[in-house]
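Just below is one structure, and these are the notes that go with it.
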Amino acid sequence: MSQSDVILPGATLGVMGGGQLGRMFVHAAQAMGYNTAVLDADPSSPAGLVSHHHIRTGYLDEAGLKELAAQCAAVTTEFENVPAQALAQLAQIRPVAPAGSAVAICQDRAKEKAHFVACGVPCAPHAIIETPEQLAAVSEDLLPGILKTARLGYDGKGQIRVKTRAELNAAWDELKCVGCVLEKMLPLAYEVSVIVARGRNGQVVHFPLQQNLHRDGILAVTTVPAPSVSAEVSQRAYEAAHQIAASMGYVGVLCVEFFVLQDGSIVANEMAPRPHNSGHHTIDACDVSQFEMQVRAMTGLPLVEPQLHSPCHMLNLLGDLWFPAGATTQQEPDWAGVLALPGVHLHLYGKTEARKGRKMGHLTVTAPTAAQAREVALKVAAILGIEPF
Ligand code: ADP
Ligand code: MG
């Protein structure tokens, strides 16, 4: 496919993975006039429920991949743990964005950190632990630290905080001695992320930087504009994110998470080769959403620099909210109560079973000023039983 070949509305776009990110991609693609196909084994996956086509197979199923390639003019992914091999196989027949090679870097914390370093972007001091010898050789300087599995971690899962060498040894055992990265615990001032989109022609655009509050390792609240971040720090984060995307030859939407340390320096934490939870506010607060940007990048449509039109707060709606104090059975939160407030945009992902820590939906509050957005977001939090922020 040449760079000038644009896949226009009316075509079918495919997505590997049927979670909420796939669902919001499907919504954006359909709004623009595309048909959609989702590959996910779960018959009630959030994206499968709303897509024109749903191929219910595993990611490596030959017949499933063939069907997806036959139905779609281009394919993207909503899940970084789709085997890179499946993307490579699809890419032999159809344009795939992002490429399997880029997804392979993002799937592995060790490769990801090597990529940051190669781009000249600082990351946390760390050591790779794949063998007992590497474990024994770890420098004391990395303690206290966080031991993270190199692959398959998310929402704080697959990581253990360790203060001493004895705790480190026990933690590696607990993680079943799989390949890990030990990172030095850094003095965080706050956490931010930058979402960029890169087109087939190499153009890169970015969304305004987000400030993120995590609770128990899970994103709880995203605020834009980022209240604590100077223009100078934002600029450094934008430049780093552009460089990280460009030097992978990346095509698609990429999110880079950064720590801002107490001395004002920035450190790249991790990246996701897809739209990101910290970019959900873009649906309601920006003139182009991260999901529309994913459609534009994979189809070769123009990318434009997205603008934030309203200050906002995004609150994640975790399954915990379905079990208010004392409740033993699942109860629907007071949606009517929160929707009575101005500027509240509710997004639920169609998951019927609420579980603690499970992302059931999110809600974005937009307002004419940041102070008003915060005021309404705090009222929403009080109604739903979310801890104030
Ligand atoms: P996940 O894949 O679960 O998002 P992260 O590597 O982003 O994993 O870690 C989850 C959270 O843990 C981060 O958002 C941050 O709050 C905290 N954290 C992770 N690494 C460090 C570190 N090196 N120093 C201090 N805090 C950290
Ligand atoms: Mg993270």
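The values are calculated or read from the model by the stated rules, or taken from the named source; none is laboratory data. Note that the coordinates shown come from a computational prediction; the quantities given were computed from them, not determined experimentally. Note that we place each Cβ from the backbone using ideal geometry, even for glycine, and neighbour counts take in every protein chain shown. Heads up: the accessible areas ignore ligands, DNA and RNA and are worked out on the full protein's heavy atoms, side chains in. Shrake-Rupley method; radii C 1.70, N 1.55, O 1.52, S 1.80 Å.
For region 209-237, the candidate set comprises residues that are in contact with a His (Cβ under 8 Å, 6 or more places away or on another chain) and among the hydrophobic types (A, V, I, L, M, F, W, C); within that set, the residue that is farthest from ligand 1 (Cβ to nearest atom) is VAL224.
Give, as residue ranges, the helices (runs of 4 or more DSSP H) completely inside region 57-134 that count at least 3 residues that are away from ligand 1 (no atom under 16 Å from the Cβ) and free of Cβ contacts under 8 Å to residues at least 24 places away in the same chain. Can you show your working first?
Working: elements: 62-71, 84-91, 100-106, 109-118.
By residue number, 62-71, 84-91.
Just for region 122-155: of the residues that are farther than 10 Å from LEU182 by Cα and within 16 Å of ligand 2 (Cβ to nearest atom), which one is surrounded by the most Cβ atoms within 10 Å (Cβ to Cβ)? The residue in question is CYS123. For region 156-196, filtering for residues that are in contact with a helix residue (DSSP H, G or I) (Cβ under 8 Å, 6 or more places away or on another chain), within 16 Å of ligand 2 (Cβ to nearest atom) and without any contact (Cβ under 8 Å) to a residue 24 or more places away in the chain leaves 1. How do the strands (runs of 3 or more DSSP E) wholly within region 180-244 filter down when requiring 2 or more residues that are under 20 Å from CYS286 (Cβ atoms): which remain? Output list reads 188-198, 204-206, 210-215, 218-224.
Of the residues making up region 332-346, those that are open to solvent by 40 Å² or more (accessible area, probe 1.4 Å) and in contact with a strand residue (DSSP E or B) (Cβ under 7 Å, 6 or more places away or on another chain) are LEU339, HIS345, LEU346.
Considering ALA340, ALA370, ALA336, the condition of being among the small types (Gly, Ala, Ser) and either touching a Pro at 6+ places or on another chain (Cβ under 9 Å) or touching a residue at least 40 places away in the same chain (Cβ under 8 Å) (or both) is satisfied by ALA370 alone.
Within the bounds of region 47-61, is there any residue that is under 18 Å from the mean Cα position of the chain (by Cα) and surrounded by 19 or more Cβ atoms within 10 Å (Cβ to Cβ)? Taking every residue of region 47-61 in turn, at least one turns out to be under 18 Å from the mean Cα position of the chain (by Cα) and surrounded by 19 or more Cβ atoms within 10 Å (Cβ to Cβ). Scanning region 137-149 for residues that are away from ligand 1 (no atom under 11 Å from the Cβ) and either touching a residue at least 12 places away in the same chain (Cβ under 8 Å) or at positive phi (or both) returns VAL138, SER139, GLU140, ASP141, LEU143. Of the listed requirements (1) under 30 Å from GLY199 (Cα atoms); (2) open to solvent by 10 Å² or more (accessible area, probe 1.4 Å); (3) in contact (Cβ under 8 Å) with a residue 60 or more places away in the chain, THR282 misses just one: (2). Filter region 216-237 for residues that are at pLDDT below 95 and within 15 Å of ligand 2 (Cβ to nearest atom); which is least open to solvent (accessible area, probe 1.4 Å)? Here the residue is ILE218.
Across region 238-264, the qualifying residues are those that are modelled with pLDDT under 95 and more than 13 Å from ligand 1 (Cβ to nearest atom), and the one among them that is surrounded by the most Cβ atoms within 10 Å (Cβ to Cβ) is GLY264. All conditions but one from (1) under 19 Å from HIS27 (Cα atoms); (2) out of contact with any Cys (no Cβ under 7 Å at 6 or more places or on another chain) apply to PRO306; the one that does not is (2). Working only within region 278-303, note down all residues that are within 16 Å of ligand 1 (Cβ to nearest atom) and either out of contact with any helix residue (DSSP H, G or I) (no Cβ under 8 Å at 6 or more places or on another chain) or modelled with pLDDT under 95 (or both). Scanning region 278-303 gives a single hit, SER278.
For ASP287, the conditions (1) within 20 Å of the chain's Cα centre (by Cα); (2) in contact (Cβ under 8 Å) with a residue 40 or more places away in the chain; (3) closer than 24 Å to LEU341 by Cα all hold with the exception of (2). I'd like to check something: does region 159-174 contain any residue that is among the acidic types (Asp, Glu) and near ligand 1 (Cβ under 10 Å from one of its atoms)? Looking for residues that are among the acidic types (Asp, Glu) and near ligand 1 (Cβ under 10 Å from one of its atoms), one finds none in region 159-174, hence no.
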